[in-house]
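The values are calculated or read from the model by the stated rules, or taken from the named source; none is laboratory data. Remember, predicted model here, so these are calculated numbers, not experimental data. Positions of Cβ are generated from backbone atoms using ideal geometry, with glycine treated the same way; all protein chains shown enter the neighbour counts.
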Amino acid sequence: MVKASKTLLDGLGDHPVLAVDTAPIIYWLEGHPRLVDRFAPVFEAAESGRAEIVISTITLAEVLAGPLRAGNELLTAQYREALTRGRGWQALPLDAEVATEAARIRAVYRLRLPDAVQVATAIRAGAAALVTHDRELCRVKGLRVIGAE
């Protein structure tokens, strides 16, 4: 009998909505030698229609900064298209509601503003979990945080 390996998606139910922080996306896009395998199931699930990924506009800006810094407009456009219109992907705008929630989270947990926006985006999206590599976000009560081992 072959035992299935455990993935980040275990226990999240069928077709979960996952809020994804910036680092896992960069690890995946750049093929990080140690961390791409940890986060790959999340992106494979979205690609196959088994999960939905929600990102904040902060994540979009952070991911696009790399190719822009390199002067690669084509890659910037490809990343933007994939992260905002790719199968299973949605960028949630930073509106007044998300900003207010982020301010509350920042005040309570003393997180940096970009991290508080990530958490607020996950809450606003009704995400089953926030996928991150940031251990600090594990302190937030009432939000399942995965990937920050």
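Identify, please: which residue in the range 14-25 is touching a helix residue (DSSP H, G or I) at 6+ places or on another chain (Cβ under 7 Å) and either surrounded by fewer than 20 Cβ atoms within 10 Å (Cβ to Cβ) or among the hydroxyl-bearing types (S, T, Y) (or both) and is, among those, nearest to G147 (Cα to Cα)? Steps first, please.
Within the range 14-25, the first condition is being touching a helix residue (DSSP H, G or I) at 6+ places or on another chain (Cβ under 7 Å), and the residues that meet it are 17-22, 24-25.
From what is left, the residues that are either surrounded by fewer than 20 Cβ atoms within 10 Å (Cβ to Cβ) or among the hydroxyl-bearing types (S, T, Y) (or both) are 17, 22.
Numbers: V17: 15, T22: 12 Å.
Applying the filter and picking the extreme gives T22.
Taking the range 46-105, which residues are loosely packed, with under 14 Cβ neighbours inside 10 Å and of a type in the set (V, I, T)?
T84, T100, listed by residue number.
Looking at A51, A107 in this structure, which one is more than 18 Å from A23 (Cα to Cα), touching a Gly at 6+ places or on another chain (Cβ under 8 Å) and of a type in the set (A, V, I, L, M, F, W, C)?
A51
Would you be able to tell me the number of residues in the range 1-27 that are at pLDDT below 95 and hydrophobic (A, V, I, L, M, F, W, C)?
6
If A45 satisfies every condition in (1) assigned to a helix (DSSP H, G or I); (2) out of contact with any strand residue (DSSP E or B) (no Cβ under 9 Å at 6 or more places or on another chain); (3) under 21 Å from G13 (Cβ atoms); (4) not β-branched (V, I, T) but one, which is the exception?
(2)
For every residue, the table says whether it meets (1) more than 14 Å from the chain's Cα centre (by Cα); (2) in a loop (DSSP other than H, G, I, E, B); (3) within 14 Å of V20 (Cβ to Cβ); (4) not hydrophobic (A, V, I, L, M, F, W, C).
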{"residue": "F39", "(1), (2), (3), (4)": "no, no, yes, no"}
{"residue": "A122", "(1), (2), (3), (4)": "no, no, yes, no"}
{"residue": "A127", "(1), (2), (3), (4)": "no, yes, yes, no"}
{"residue": "H133", "(1), (2), (3), (4)": "no, yes, yes, yes"}
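Pairs, please: C-beta under 7 Å, at least 6 apart or cross-chain, first residue farther than 28 Å from G126 by Cα and free of Cβ contacts under 8 Å to residues at least 12 places away in the same chain and in the range 67-95, second assigned to a helix (DSSP H, G or I) and of a type outside the set (A, V, I, L, M, F, W, C)?
Correct list of pairs: L68/T76; L75/P67.
As an exercise: evaluate G31 against (1) modelled with pLDDT under 95; (2) small (G, A, S); (3) within 20 Å of A127 (Cβ to Cβ) and give the number of the one condition it does not meet.
Only one criterion is unmet by G31, namely (3).
I need the full set of residues from the range 71-96 which are of a type in the set (G, A, S), part of a helix (DSSP H, G or I) and closer than 21 Å to G49 by Cβ, in order please.
From the range 71-96, those of a type in the set (G, A, S) are 71, 77, 82, 86, 88, 91, 96; that's our starting set.
Applying the additional criterion that residues be part of a helix (DSSP H, G or I) yields 77, 82, 96.
Once the filter is applied, which keeps residues that are of a type in the set (G, A, S), part of a helix (DSSP H, G or I) and closer than 21 Å to G49 by Cβ, the range 71-96 yields only A82.
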